[in-house]
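The values are calculated or read from the model by the stated rules, or taken from the named source; none is laboratory data. Computed from a prediction, not measured in an experiment: that's the story for all the values here. Methodologically, a virtual Cβ is constructed for each residue, glycine included, from the backbone with ideal geometry; neighbour enumeration extends over all protein chains shown. Accessible surface areas use protein heavy atoms only, side chains included; no ligands, DNA or RNA. Shrake-Rupley method; radii C 1.70, N 1.55, O 1.52, S 1.80 Å.
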There are 2 protein chains.
Amino acid sequence: MTALADRRRHATRSRTAARRAPARPSLPALSRSVEDYLKAVYHLSDHGGVATTKDIALKLMVAAPSVSMMLKRLSALGLVKRVPYQGAQLTREGRQAALRTIRRHRVLELYLTRHLGFAWDTVHDEAERLEHAVSDLLIDRMATALDNPRYDPHGDPIPTADGRIESADLVSLAAAPVGSELELRQVTTQDPERLRFLADHGLVPGLQLTVADRQPFGGPTTVRLRPAGTRQIVGMELAQVLQCRTRAK
Amino acid sequence: MTALADRRRHATRSRTAARRAPARPSLPALSRSVEDYLKAVYHLSDHGGVATTKDIALKLMVAAPSVSMMLKRLSALGLVKRVPYQGAQLTREGRQAALRTIRRHRVLELYLTRHLGFAWDTVHDEAERLEHAVSDLLIDRMATALDNPRYDPHGDPIPTADGRIESADLVSLAAAPVGSELELRQVTTQDPERLRFLADHGLVPGLQLTVADRQPFGGPTTVRLRPAGTRQIVGMELAQVLQCRTRAK
DNA sequence: GTTGTGGATTAGTGTCGACTAAATCTCCTG
DNA sequence: CAGGAGATTTAGTCGACACTAATCCACAAC
Ligand SMILES: [Mn+2]
Ligand SMILES: [Mn+2]
Ligand SMILES: [Mn+2]
Ligand SMILES: [Mn+2]
(Lines give C-alpha, C1' and ligand atoms only; values in the text may rest on other atoms or scores of the structure.)
(Ligands and ions follow the chains in the order given, each with its own letter.)
Protein backbone atom coordinates (compact mmCIF):
# COMPACT_ATOMS: atom_id res chain seq x y z
CA MET A 1 0.00 0.00 0.00
CA THR A 2 1.05 3.56 -0.63
CA ALA A 3 -0.88 5.11 2.19
CA LEU A 4 1.98 7.19 3.47
CA ALA A 5 2.92 8.73 0.18
CA ASP A 6 -0.70 9.61 -0.43
CA ARG A 7 -1.08 11.25 2.92
CA ARG A 8 2.00 13.34 2.23
CA ARG A 9 0.95 14.49 -1.16
CA HIS A 10 -2.42 15.42 0.18
CA ALA A 11 -1.17 17.36 3.16
CA THR A 12 1.29 19.34 1.11
CA ARG A 13 -1.07 20.18 -1.67
CA SER A 14 -4.24 20.89 0.22
CA ARG A 15 -2.70 23.52 2.42
CA THR A 16 -1.04 25.48 -0.36
CA ALA A 17 -3.06 24.98 -3.51
CA ALA A 18 -6.55 24.44 -2.18
CA ARG A 19 -8.69 27.07 -0.56
CA ARG A 20 -6.93 30.14 -1.88
CA ALA A 21 -8.47 32.01 -4.78
CA PRO A 22 -8.88 30.58 -8.29
CA ALA A 23 -5.10 30.03 -8.39
CA ARG A 24 -3.09 29.47 -11.55
CA PRO A 25 -3.14 26.02 -13.22
CA SER A 26 -0.25 24.81 -11.05
CA LEU A 27 1.60 21.93 -12.69
CA PRO A 28 2.58 18.99 -10.47
CA ALA A 29 5.44 21.09 -9.06
CA LEU A 30 8.74 20.90 -10.87
CA SER A 31 12.03 20.15 -9.17
CA ARG A 32 14.81 22.63 -8.86
CA SER A 33 16.80 20.83 -11.53
CA VAL A 34 13.93 20.75 -13.96
CA GLU A 35 13.26 24.45 -13.50
CA ASP A 36 16.90 25.33 -14.05
CA TYR A 37 17.08 23.22 -17.22
CA LEU A 38 13.96 24.88 -18.57
CA LYS A 39 15.40 28.33 -17.92
CA ALA A 40 18.62 27.31 -19.65
CA VAL A 41 16.78 26.05 -22.72
CA TYR A 42 14.74 29.23 -22.77
CA HIS A 43 17.76 31.49 -22.67
CA LEU A 44 19.77 29.46 -25.16
CA SER A 45 17.08 29.05 -27.77
CA ASP A 46 16.79 32.75 -28.45
CA HIS A 47 13.87 33.45 -30.77
CA GLY A 48 12.88 30.03 -32.02
CA GLY A 49 16.31 28.44 -32.27
CA VAL A 50 17.31 25.25 -30.54
CA ALA A 51 19.44 24.73 -27.47
CA THR A 52 22.26 22.23 -27.84
CA THR A 53 23.31 19.68 -25.26
CA LYS A 54 26.73 21.18 -24.94
CA ASP A 55 25.55 24.73 -24.35
CA ILE A 56 23.08 23.62 -21.71
CA ALA A 57 25.80 21.59 -20.03
CA LEU A 58 28.12 24.61 -20.01
CA LYS A 59 25.48 26.95 -18.66
CA LEU A 60 24.43 24.64 -15.85
CA MET A 61 27.90 23.28 -15.21
CA VAL A 62 26.91 19.66 -15.57
CA ALA A 63 28.28 16.92 -17.80
CA ALA A 64 26.80 16.43 -21.25
CA PRO A 65 25.25 13.01 -20.53
CA SER A 66 23.32 14.53 -17.65
CA VAL A 67 21.77 16.93 -20.12
CA SER A 68 20.93 14.15 -22.56
CA MET A 69 19.11 12.23 -19.87
CA MET A 70 17.29 15.26 -18.54
CA LEU A 71 16.15 16.33 -21.98
CA LYS A 72 14.65 12.92 -22.47
CA ARG A 73 12.78 13.29 -19.20
CA LEU A 74 11.60 16.80 -20.05
CA SER A 75 10.45 15.55 -23.41
CA ALA A 76 8.45 12.79 -21.70
CA LEU A 77 6.87 15.46 -19.50
CA GLY A 78 5.89 17.40 -22.60
CA LEU A 79 7.98 20.39 -21.63
CA VAL A 80 10.48 20.14 -24.44
CA LYS A 81 10.54 19.01 -28.05
CA ARG A 82 13.80 17.41 -28.90
CA VAL A 83 15.48 15.99 -31.98
CA PRO A 84 18.23 13.57 -30.96
CA TYR A 85 21.69 14.76 -31.88
CA GLN A 86 20.24 18.13 -32.88
CA GLY A 87 18.91 20.01 -29.89
CA ALA A 88 15.79 20.96 -27.98
CA GLN A 89 13.20 23.71 -27.81
CA LEU A 90 10.50 24.42 -25.28
CA THR A 91 6.90 23.44 -25.89
CA ARG A 92 4.23 25.97 -24.99
CA GLU A 93 4.00 24.31 -21.58
CA GLY A 94 7.74 24.34 -21.09
CA ARG A 95 7.90 27.97 -22.08
CA GLN A 96 5.23 28.87 -19.56
CA ALA A 97 7.09 27.02 -16.83
CA ALA A 98 10.35 28.73 -17.78
CA LEU A 99 8.73 32.14 -17.73
CA ARG A 100 7.22 31.46 -14.34
CA THR A 101 10.65 30.72 -12.93
CA ILE A 102 12.16 33.73 -14.68
CA ARG A 103 9.45 35.96 -13.25
CA ARG A 104 10.25 34.69 -9.79
CA HIS A 105 13.94 35.22 -10.32
CA ARG A 106 13.58 38.78 -11.48
CA VAL A 107 11.00 39.85 -8.95
CA LEU A 108 13.25 38.42 -6.25
CA GLU A 109 16.28 40.26 -7.58
CA LEU A 110 14.48 43.54 -7.59
CA TYR A 111 12.95 43.00 -4.17
CA LEU A 112 16.32 42.18 -2.67
CA THR A 113 17.85 45.37 -4.06
CA ARG A 114 14.95 47.67 -3.30
CA HIS A 115 13.81 46.43 0.07
CA LEU A 116 16.72 44.60 1.64
CA GLY A 117 19.75 46.61 0.66
CA PHE A 118 21.43 44.13 -1.65
CA ALA A 119 23.72 45.41 -4.37
CA TRP A 120 22.91 44.46 -7.93
CA ASP A 121 25.99 42.30 -8.20
CA THR A 122 24.98 40.03 -5.33
CA VAL A 123 21.33 39.28 -6.00
CA HIS A 124 21.71 36.74 -8.76
CA ASP A 125 22.95 33.82 -6.66
CA GLU A 126 20.39 34.42 -3.96
CA ALA A 127 17.56 34.55 -6.49
CA GLU A 128 18.88 31.45 -8.23
CA ARG A 129 18.11 29.42 -5.11
CA LEU A 130 15.01 31.24 -3.89
CA GLU A 131 13.23 31.08 -7.25
CA HIS A 132 12.56 27.39 -6.59
CA ALA A 133 11.28 27.80 -3.05
CA VAL A 134 8.92 30.76 -3.13
CA SER A 135 5.20 30.44 -3.72
CA ASP A 136 3.37 32.30 -6.44
CA LEU A 137 1.55 34.16 -3.71
CA LEU A 138 4.78 35.45 -2.20
CA ILE A 139 6.02 36.60 -5.57
CA ASP A 140 2.78 38.45 -6.20
CA ARG A 141 3.07 40.14 -2.82
CA MET A 142 6.61 41.20 -3.59
CA ALA A 143 5.55 42.45 -6.99
CA THR A 144 2.81 44.47 -5.35
CA ALA A 145 5.22 45.92 -2.81
CA LEU A 146 7.38 46.92 -5.77
CA ASP A 147 4.42 48.46 -7.59
CA ASN A 148 4.32 45.80 -10.31
CA PRO A 149 7.67 46.57 -11.82
CA ARG A 150 8.48 45.85 -15.44
CA TYR A 151 12.24 45.42 -15.18
CA ASP A 152 14.68 43.78 -12.81
CA PRO A 153 17.79 45.56 -11.49
CA HIS A 154 19.75 44.65 -14.61
CA GLY A 155 17.04 45.90 -16.94
CA ASP A 156 15.70 42.47 -17.90
CA PRO A 157 11.95 42.49 -18.44
CA ILE A 158 9.86 40.75 -15.79
CA PRO A 159 7.30 38.33 -17.23
CA THR A 160 3.74 38.96 -16.08
CA ALA A 161 1.96 36.54 -13.79
CA ASP A 162 0.12 35.15 -16.79
CA GLY A 163 3.31 34.51 -18.73
CA ARG A 164 3.77 37.38 -21.12
CA ILE A 165 7.15 39.00 -21.55
CA GLU A 166 8.17 42.20 -23.26
CA SER A 167 10.62 41.98 -26.12
CA ALA A 168 12.45 45.17 -26.87
CA ASP A 169 14.93 45.42 -29.68
CA LEU A 170 18.09 46.92 -28.39
CA VAL A 171 21.53 47.67 -29.76
CA SER A 172 24.66 46.98 -27.81
CA LEU A 173 26.70 50.08 -27.15
CA ALA A 174 29.52 48.39 -29.03
CA ALA A 175 27.43 48.42 -32.21
CA ALA A 176 25.76 51.82 -31.97
CA PRO A 177 27.09 54.33 -34.48
CA VAL A 178 28.93 57.41 -33.29
CA GLY A 179 26.44 60.20 -32.71
CA SER A 180 23.57 57.98 -31.52
CA GLU A 181 21.50 59.25 -28.68
CA LEU A 182 20.76 56.25 -26.47
CA GLU A 183 19.17 55.15 -23.28
CA LEU A 184 20.92 52.33 -21.47
CA ARG A 185 18.30 49.67 -20.91
CA GLN A 186 19.93 46.34 -20.02
CA VAL A 187 23.19 45.07 -18.68
CA THR A 188 23.78 41.55 -19.91
CA THR A 189 26.46 40.28 -17.59
CA GLN A 190 26.21 38.66 -14.19
CA ASP A 191 29.84 38.97 -13.29
CA PRO A 192 30.02 40.78 -9.93
CA GLU A 193 33.31 42.50 -10.78
CA ARG A 194 31.95 43.97 -13.98
CA LEU A 195 28.64 44.89 -12.36
CA ARG A 196 30.38 46.71 -9.54
CA PHE A 197 32.55 48.59 -11.99
CA LEU A 198 29.56 49.62 -14.06
CA ALA A 199 27.57 50.80 -11.06
CA ASP A 200 30.55 52.76 -9.78
CA HIS A 201 30.66 54.61 -13.08
CA GLY A 202 26.97 55.31 -13.29
CA LEU A 203 26.39 52.88 -16.12
CA VAL A 204 23.03 51.57 -14.95
CA PRO A 205 19.71 51.11 -16.77
CA GLY A 206 17.94 54.39 -17.38
CA LEU A 207 21.09 56.33 -18.15
CA GLN A 208 20.82 58.73 -21.09
CA LEU A 209 23.92 58.99 -23.21
CA THR A 210 25.37 59.98 -26.54
CA VAL A 211 28.01 58.03 -28.42
CA ALA A 212 30.82 60.55 -28.80
CA ASP A 213 33.56 58.47 -30.38
CA ARG A 214 34.79 54.98 -31.10
CA GLN A 215 38.32 53.83 -31.76
CA PRO A 216 38.75 51.29 -34.57
CA PHE A 217 40.05 47.72 -34.31
CA GLY A 218 38.00 46.83 -31.24
CA GLY A 219 38.96 50.00 -29.46
CA PRO A 220 36.97 51.75 -26.75
CA THR A 221 33.81 53.78 -27.16
CA THR A 222 33.55 57.24 -25.64
CA VAL A 223 30.13 58.34 -24.43
CA ARG A 224 28.79 61.58 -23.06
CA LEU A 225 26.46 61.01 -20.10
CA ARG A 226 23.31 63.03 -20.41
CA PRO A 227 22.44 64.81 -17.25
CA ALA A 228 25.99 65.78 -16.30
CA GLY A 229 27.63 65.99 -19.69
CA THR A 230 30.65 64.12 -18.36
CA ARG A 231 32.57 61.80 -20.62
CA GLN A 232 33.19 58.14 -20.05
CA ILE A 233 35.43 55.73 -21.94
CA VAL A 234 34.04 52.22 -22.23
CA GLY A 235 36.16 49.29 -23.42
CA MET A 236 34.89 46.90 -26.07
CA GLU A 237 34.18 44.08 -23.69
CA LEU A 238 31.93 46.17 -21.48
CA ALA A 239 30.34 48.03 -24.37
CA GLN A 240 29.08 44.73 -25.76
CA VAL A 241 27.24 44.09 -22.55
CA LEU A 242 25.42 47.41 -22.46
CA GLN A 243 22.15 47.13 -24.37
CA CYS A 244 20.60 50.40 -25.38
CA ARG A 245 17.47 51.80 -26.91
CA THR A 246 17.68 54.53 -29.51
CA ARG A 247 16.27 57.70 -28.01
CA ALA A 248 13.47 59.49 -29.81
CA LYS A 249 14.97 62.87 -30.71
CA MET B 1 38.86 12.57 -13.42
CA THR B 2 36.54 14.63 -11.29
CA ALA B 3 37.25 17.92 -12.98
CA LEU B 4 33.64 18.86 -13.48
CA ALA B 5 32.55 18.23 -9.93
CA ASP B 6 35.48 20.26 -8.69
CA ARG B 7 34.70 23.19 -10.90
CA ARG B 8 31.13 23.19 -9.65
CA ARG B 9 32.01 23.05 -6.02
CA HIS B 10 34.47 25.83 -6.46
CA ALA B 11 32.18 28.11 -8.39
CA THR B 12 29.35 27.70 -5.92
CA ARG B 13 31.40 28.14 -2.85
CA SER B 14 33.74 30.89 -3.89
CA ARG B 15 30.99 33.27 -4.84
CA THR B 16 28.99 32.87 -1.65
CA ALA B 17 31.41 32.00 1.11
CA ALA B 18 34.53 33.80 0.00
CA ARG B 19 35.07 37.51 0.05
CA ARG B 20 32.27 38.55 2.37
CA ALA B 21 33.14 39.41 5.96
CA PRO B 22 34.57 36.99 8.53
CA ALA B 23 31.46 34.80 7.98
CA ARG B 24 30.23 32.12 10.37
CA PRO B 25 31.95 28.72 10.42
CA SER B 26 29.66 27.45 7.65
CA LEU B 27 29.35 23.65 7.64
CA PRO B 28 29.50 21.87 4.26
CA ALA B 29 25.88 22.92 3.59
CA LEU B 30 23.19 20.56 4.75
CA SER B 31 20.38 19.29 2.56
CA ARG B 32 16.78 20.21 3.05
CA SER B 33 16.03 16.78 4.48
CA VAL B 34 18.88 16.87 6.91
CA GLU B 35 17.85 20.29 8.17
CA ASP B 36 14.27 19.19 8.66
CA TYR B 37 15.33 16.08 10.57
CA LEU B 38 17.57 18.13 12.83
CA LYS B 39 14.73 20.52 13.59
CA ALA B 40 12.44 17.59 14.36
CA VAL B 41 14.95 16.05 16.74
CA TYR B 42 15.43 19.42 18.39
CA HIS B 43 11.74 19.96 18.95
CA LEU B 44 11.06 16.42 20.10
CA SER B 45 13.93 16.10 22.55
CA ASP B 46 12.70 18.86 24.78
CA HIS B 47 15.25 19.65 27.49
CA GLY B 48 17.72 16.82 27.25
CA GLY B 49 15.34 14.00 26.39
CA VAL B 50 15.62 11.79 23.34
CA ALA B 51 13.62 11.81 20.14
CA THR B 52 12.19 8.48 19.10
CA THR B 53 12.07 7.12 15.59
CA LYS B 54 8.31 6.99 15.59
CA ASP B 55 7.81 10.57 16.72
CA ILE B 56 10.23 11.87 14.14
CA ALA B 57 8.47 9.83 11.49
CA LEU B 58 5.11 11.24 12.52
CA LYS B 59 6.35 14.81 12.61
CA LEU B 60 7.99 14.64 9.20
CA MET B 61 5.37 12.37 7.65
CA VAL B 62 7.86 9.76 6.51
CA ALA B 63 8.02 6.03 7.19
CA ALA B 64 9.91 4.79 10.22
CA PRO B 65 12.69 3.06 8.24
CA SER B 66 13.47 6.35 6.55
CA VAL B 67 14.10 7.83 9.96
CA SER B 68 16.29 4.93 11.01
CA MET B 69 18.46 5.36 7.97
CA MET B 70 18.68 9.11 8.30
CA LEU B 71 19.60 8.95 11.97
CA LYS B 72 22.45 6.67 11.07
CA ARG B 73 23.63 9.18 8.50
CA LEU B 74 23.28 12.09 10.90
CA SER B 75 25.18 10.13 13.49
CA ALA B 76 27.97 9.53 10.99
CA LEU B 77 28.03 13.27 10.34
CA GLY B 78 28.42 13.89 14.06
CA LEU B 79 25.16 15.79 14.26
CA VAL B 80 23.31 13.30 16.40
CA LYS B 81 24.11 10.82 19.14
CA ARG B 82 21.95 7.78 18.88
CA VAL B 83 21.36 4.62 20.85
CA PRO B 84 19.86 1.95 18.61
CA TYR B 85 16.32 1.03 19.55
CA GLN B 86 16.26 3.89 22.05
CA GLY B 87 16.35 7.24 20.33
CA ALA B 88 18.56 10.15 19.37
CA GLN B 89 19.68 13.49 20.67
CA LEU B 90 21.55 16.32 19.01
CA THR B 91 25.25 16.83 19.50
CA ARG B 92 26.48 20.35 20.07
CA GLU B 93 27.06 20.61 16.32
CA GLY B 94 23.64 19.27 15.51
CA ARG B 95 22.04 21.65 17.93
CA GLN B 96 23.81 24.59 16.35
CA ALA B 97 22.64 23.52 12.91
CA ALA B 98 19.08 23.07 14.15
CA LEU B 99 19.08 26.50 15.76
CA ARG B 100 20.37 28.07 12.59
CA THR B 101 17.46 26.62 10.64
CA ILE B 102 14.99 27.60 13.36
CA ARG B 103 16.33 31.14 13.31
CA ARG B 104 15.77 31.30 9.59
CA HIS B 105 12.32 29.90 9.90
CA ARG B 106 11.22 32.35 12.55
CA VAL B 107 12.80 35.42 11.01
CA LEU B 108 11.11 34.51 7.74
CA GLU B 109 7.74 34.05 9.41
CA LEU B 110 7.97 37.43 11.05
CA TYR B 111 9.20 39.15 7.93
CA LEU B 112 6.37 37.71 5.87
CA THR B 113 3.78 38.94 8.34
CA ARG B 114 5.29 42.35 8.98
CA HIS B 115 6.49 43.34 5.54
CA LEU B 116 4.51 41.31 3.05
CA GLY B 117 1.03 41.16 4.47
CA PHE B 118 0.85 37.47 5.27
CA ALA B 119 -1.47 36.30 8.04
CA TRP B 120 0.05 34.33 10.90
CA ASP B 121 -1.75 31.18 9.86
CA THR B 122 -0.17 31.10 6.40
CA VAL B 123 3.49 31.79 7.06
CA HIS B 124 4.53 28.41 8.37
CA ASP B 125 4.45 26.50 5.09
CA GLU B 126 6.20 29.26 3.20
CA ALA B 127 8.94 29.46 5.82
CA GLU B 128 9.27 25.69 5.88
CA ARG B 129 10.51 25.80 2.30
CA LEU B 130 12.39 29.09 2.32
CA GLU B 131 14.40 28.25 5.44
CA HIS B 132 16.52 25.92 3.31
CA ALA B 133 17.12 28.33 0.46
CA VAL B 134 17.96 31.66 2.07
CA SER B 135 21.50 32.76 2.85
CA ASP B 136 22.62 33.83 6.28
CA LEU B 137 23.16 37.28 4.84
CA LEU B 138 19.57 37.57 3.72
CA ILE B 139 18.31 36.47 7.11
CA ASP B 140 20.49 39.05 8.80
CA ARG B 141 19.14 41.74 6.49
CA MET B 142 15.59 40.72 7.27
CA ALA B 143 16.35 40.68 10.97
CA THR B 144 17.78 44.17 10.66
CA ALA B 145 14.72 45.38 8.78
CA LEU B 146 12.67 43.94 11.64
CA ASP B 147 14.85 45.64 14.24
CA ASN B 148 16.38 42.41 15.52
CA PRO B 149 13.20 40.91 16.85
CA ARG B 150 13.17 38.42 19.72
CA TYR B 151 9.95 36.56 18.88
CA ASP B 152 8.21 35.25 15.80
CA PRO B 153 4.52 35.88 15.07
CA HIS B 154 3.50 32.95 17.24
CA GLY B 155 5.64 34.10 20.16
CA ASP B 156 8.41 31.55 19.67
CA PRO B 157 11.83 32.96 20.54
CA ILE B 158 14.16 33.64 17.64
CA PRO B 159 17.66 32.20 18.13
CA THR B 160 20.45 34.74 17.77
CA ALA B 161 22.85 34.59 14.84
CA ASP B 162 25.41 32.96 17.13
CA GLY B 163 23.02 30.26 18.22
CA ARG B 164 21.64 31.29 21.57
CA ILE B 165 17.97 30.93 22.32
CA GLU B 166 15.86 32.28 25.13
CA SER B 167 14.09 29.78 27.32
CA ALA B 168 11.16 31.17 29.22
CA ASP B 169 9.16 29.03 31.56
CA LEU B 170 5.53 29.39 30.72
CA VAL B 171 2.30 27.86 31.90
CA SER B 172 -0.40 26.81 29.55
CA LEU B 173 -3.64 28.63 30.11
CA ALA B 174 -5.20 25.24 30.73
CA ALA B 175 -2.98 24.77 33.78
CA ALA B 176 -2.99 28.27 35.25
CA PRO B 177 -4.98 28.52 38.49
CA VAL B 178 -8.09 30.66 38.59
CA GLY B 179 -7.17 34.20 39.58
CA SER B 180 -3.78 34.24 37.83
CA GLU B 181 -2.80 37.40 36.06
CA LEU B 182 -1.09 36.35 32.86
CA GLU B 183 0.46 37.59 29.68
CA LEU B 184 -0.09 35.43 26.62
CA ARG B 185 3.35 34.73 25.21
CA GLN B 186 3.23 31.81 22.80
CA VAL B 187 0.70 29.98 20.72
CA THR B 188 1.86 26.41 20.18
CA THR B 189 -0.25 25.27 17.28
CA GLN B 190 0.29 25.60 13.58
CA ASP B 191 -3.18 24.63 12.52
CA PRO B 192 -4.50 27.45 10.32
CA GLU B 193 -8.10 27.01 11.47
CA ARG B 194 -7.15 27.33 15.12
CA LEU B 195 -4.79 30.23 14.43
CA ARG B 196 -7.44 32.15 12.54
CA PHE B 197 -9.93 31.58 15.33
CA LEU B 198 -7.47 32.78 17.94
CA ALA B 199 -6.55 35.90 16.00
CA ASP B 200 -10.20 36.70 15.41
CA HIS B 201 -10.76 36.64 19.16
CA GLY B 202 -7.74 38.72 20.04
CA LEU B 203 -5.83 35.81 21.54
CA VAL B 204 -2.39 36.76 20.28
CA PRO B 205 0.99 37.07 22.04
CA GLY B 206 1.20 40.15 24.22
CA LEU B 207 -2.36 39.94 25.44
CA GLN B 208 -2.82 40.64 29.14
CA LEU B 209 -5.47 38.55 30.84
CA THR B 210 -6.81 37.22 34.11
CA VAL B 211 -8.12 33.69 34.64
CA ALA B 212 -11.68 34.26 35.83
CA ASP B 213 -13.03 30.74 36.02
CA ARG B 214 -12.54 27.15 34.98
CA GLN B 215 -15.10 24.40 34.71
CA PRO B 216 -14.03 20.98 36.00
CA PHE B 217 -13.65 17.74 34.05
CA GLY B 218 -11.79 19.29 31.14
CA GLY B 219 -14.25 22.13 30.87
CA PRO B 220 -13.55 25.57 29.45
CA THR B 221 -11.56 28.38 31.03
CA THR B 222 -13.01 31.86 31.24
CA VAL B 223 -10.59 34.75 31.01
CA ARG B 224 -10.95 38.49 31.37
CA LEU B 225 -8.97 40.37 28.73
CA ARG B 226 -7.00 43.17 30.23
CA PRO B 227 -7.36 46.36 28.33
CA ALA B 228 -11.06 46.00 27.55
CA GLY B 229 -12.24 43.94 30.48
CA THR B 230 -14.27 41.74 28.14
CA ARG B 231 -14.68 38.07 28.92
CA GLN B 232 -13.74 35.19 26.73
CA ILE B 233 -14.47 31.50 27.11
CA VAL B 234 -11.66 29.24 25.94
CA GLY B 235 -12.14 25.50 25.47
CA MET B 236 -9.68 23.02 26.92
CA GLU B 237 -8.09 22.16 23.60
CA LEU B 238 -7.24 25.76 22.79
CA ALA B 239 -6.30 26.65 26.35
CA GLN B 240 -3.59 24.00 26.26
CA VAL B 241 -2.03 25.73 23.31
CA LEU B 242 -1.86 29.17 24.87
CA GLN B 243 1.39 29.52 26.79
CA CYS B 244 1.47 32.33 29.30
CA ARG B 245 3.85 34.12 31.59
CA THR B 246 2.77 35.01 35.11
CA ARG B 247 2.51 38.77 35.34
CA ALA B 248 4.40 40.63 38.03
CA LYS B 249 1.65 42.21 40.16
C1' DG C 1 32.37 9.43 -51.32
C1' DT C 2 35.33 8.36 -47.54
C1' DT C 3 37.02 9.98 -43.27
C1' DG C 4 37.92 12.57 -39.13
C1' DT C 5 36.35 15.06 -35.33
C1' DG C 6 33.57 17.24 -32.12
C1' DG C 7 29.22 16.75 -30.15
C1' DA C 8 25.60 13.49 -28.47
C1' DT C 9 24.03 9.40 -26.65
C1' DT C 10 24.29 4.89 -24.28
C1' DA C 11 26.12 1.99 -20.63
C1' DG C 12 27.26 1.43 -16.17
C1' DT C 13 27.75 3.58 -11.33
C1' DG C 14 26.94 6.23 -7.25
C1' DT C 15 24.48 9.00 -3.77
C1' DC C 16 20.48 10.75 -1.49
C1' DG C 17 16.31 9.93 0.40
C1' DA C 18 12.19 7.82 0.14
C1' DC C 19 9.23 3.22 0.26
C1' DT C 20 7.38 -1.86 1.73
C1' DA C 21 8.08 -6.29 3.80
C1' DA C 22 10.46 -8.95 6.91
C1' DA C 23 13.31 -9.56 10.83
C1' DT C 24 14.51 -8.11 15.51
C1' DC C 25 14.56 -5.88 19.82
C1' DT C 26 12.37 -3.89 24.29
C1' DC C 27 9.61 -3.93 27.70
C1' DC C 28 5.14 -4.55 29.78
C1' DT C 29 2.07 -8.05 31.41
C1' DG C 30 0.43 -12.12 33.20
C1' DC D 1 10.18 -15.47 33.55
C1' DA D 2 7.67 -16.48 29.14
C1' DG D 3 4.75 -14.15 25.71
C1' DG D 4 3.37 -10.76 22.97
C1' DA D 5 2.65 -5.99 21.35
C1' DG D 6 4.65 -2.28 19.55
C1' DA D 7 8.67 0.08 18.11
C1' DT D 8 12.86 -0.34 15.53
C1' DT D 9 16.01 -1.91 12.37
C1' DT D 10 17.49 -4.62 8.23
C1' DA D 11 16.80 -6.08 3.52
C1' DG D 12 15.61 -5.08 -0.87
C1' DT D 13 13.72 -1.41 -4.29
C1' DC D 14 13.01 2.75 -6.60
C1' DG D 15 13.29 7.41 -8.69
C1' DA D 16 15.76 11.63 -9.42
C1' DC D 17 20.19 13.40 -10.87
C1' DA D 18 24.58 13.50 -11.05
C1' DC D 19 29.23 11.25 -12.91
C1' DT D 20 32.88 8.63 -16.22
C1' DA D 21 33.94 5.66 -20.09
C1' DA D 22 32.63 3.99 -24.30
C1' DT D 23 30.05 4.28 -28.42
C1' DC D 24 27.57 6.65 -32.00
C1' DC D 25 26.20 10.28 -35.23
C1' DA D 26 26.53 14.50 -38.25
C1' DC D 27 28.89 17.25 -40.97
C1' DA D 28 32.75 19.48 -42.91
C1' DA D 29 37.03 18.65 -45.41
C1' DC D 30 39.47 16.25 -48.44
MN1 LIG E 1 17.87 28.31 -9.99
MN1 LIG F 1 18.78 39.96 -13.42
MN1 LIG G 1 11.72 22.89 6.20
MN1 LIG H 1 6.27 30.22 14.24
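Scanning segment A:41-61 for residues that are assigned to a helix (DSSP H, G or I) and surrounded by 15 or more Cβ atoms within 10 Å (Cβ to Cβ) yields A:Val41, A:Tyr42, A:Leu44, A:Thr53, A:Asp55, A:Ile56, A:Ala57, A:Lys59, A:Leu60. The one condition from (1) open to solvent by less than 30 Å² (accessible area, probe 1.4 Å); (2) at negative phi that A:Gly155 does not meet is (2).
Conditions (1) more than 14 Å from chain A (Cβ to nearest Cβ); (2) open to solvent by 20 Å² or more (accessible area, probe 1.4 Å), marked per residue:
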residue	(1), (2)
B:Ala63	no, yes
B:Ser66	no, yes
B:Gly94	yes, no
B:Ile102	yes, no
B:Leu108	no, no
B:Val123	no, no
B:Met142	no, no
B:Thr160	yes, yes
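Considering only segment B:62-71, state which residues are within 16 Å of ligand 3 (Cβ to nearest atom) and not in a helix (DSSP H, G or I). The one that is within 16 Å of ligand 3 (Cβ to nearest atom) and not in a helix (DSSP H, G or I): B:Val62.
Taking A:Ala239 as the residue in question, decide whether it is among the small types (Gly, Ala, Ser), over 26 Å from A:Glu128 (Cβ atoms) and modelled with pLDDT of 95 or more. Answer is yes for this residue. Scanning segment A:35-71 for residues that are charged (D, E, K, R), modelled with pLDDT of 95 or more and within 19 Å of A:Arg100 (Cα to Cα) gives A:Glu35, A:Asp36, A:Lys39. Is it true that A:Glu181 is without any contact (Cβ under 8 Å) to a residue 40 or more places away in the chain and acidic (Asp, Glu)? Considered against the rule, which asks whether it is without any contact (Cβ under 8 Å) to a residue 40 or more places away in the chain and acidic (Asp, Glu), A:Glu181 comes out as no.
State which residue is nearest to B:Asp36 (Cα to Cα) when the search covers only segment B:110-133 and only residues that are more than 13 Å from ligand 4 (Cβ to nearest atom) and assigned to a loop (DSSP other than H, G, I, E, B). Among them, the one singled out is B:His132. Take B:Gln215 and decide whether it is more than 16 Å from ligand 4 (Cβ to nearest atom) and not small (Gly, Ala, Ser). Here the answer is yes, as B:Gln215 does meet what is asked.
A quick yes/no check of all residues on (1) among the β-branched types (Val, Ile, Thr); (2) under 22 Å from B:Ala168 (Cα atoms); (3) open to solvent by 30 Å² or more (accessible area, probe 1.4 Å); (4) not assigned by TED's automatic domain parsing to the domain that holds B:Glu126:
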| residue | (1), (2), (3), (4) |
| --- | --- |
| B:Leu184 | no, yes, no, yes |
| B:Leu207 | no, yes, no, yes |
| B:Phe217 | no, no, yes, yes |
| B:Thr221 | yes, no, no, yes |
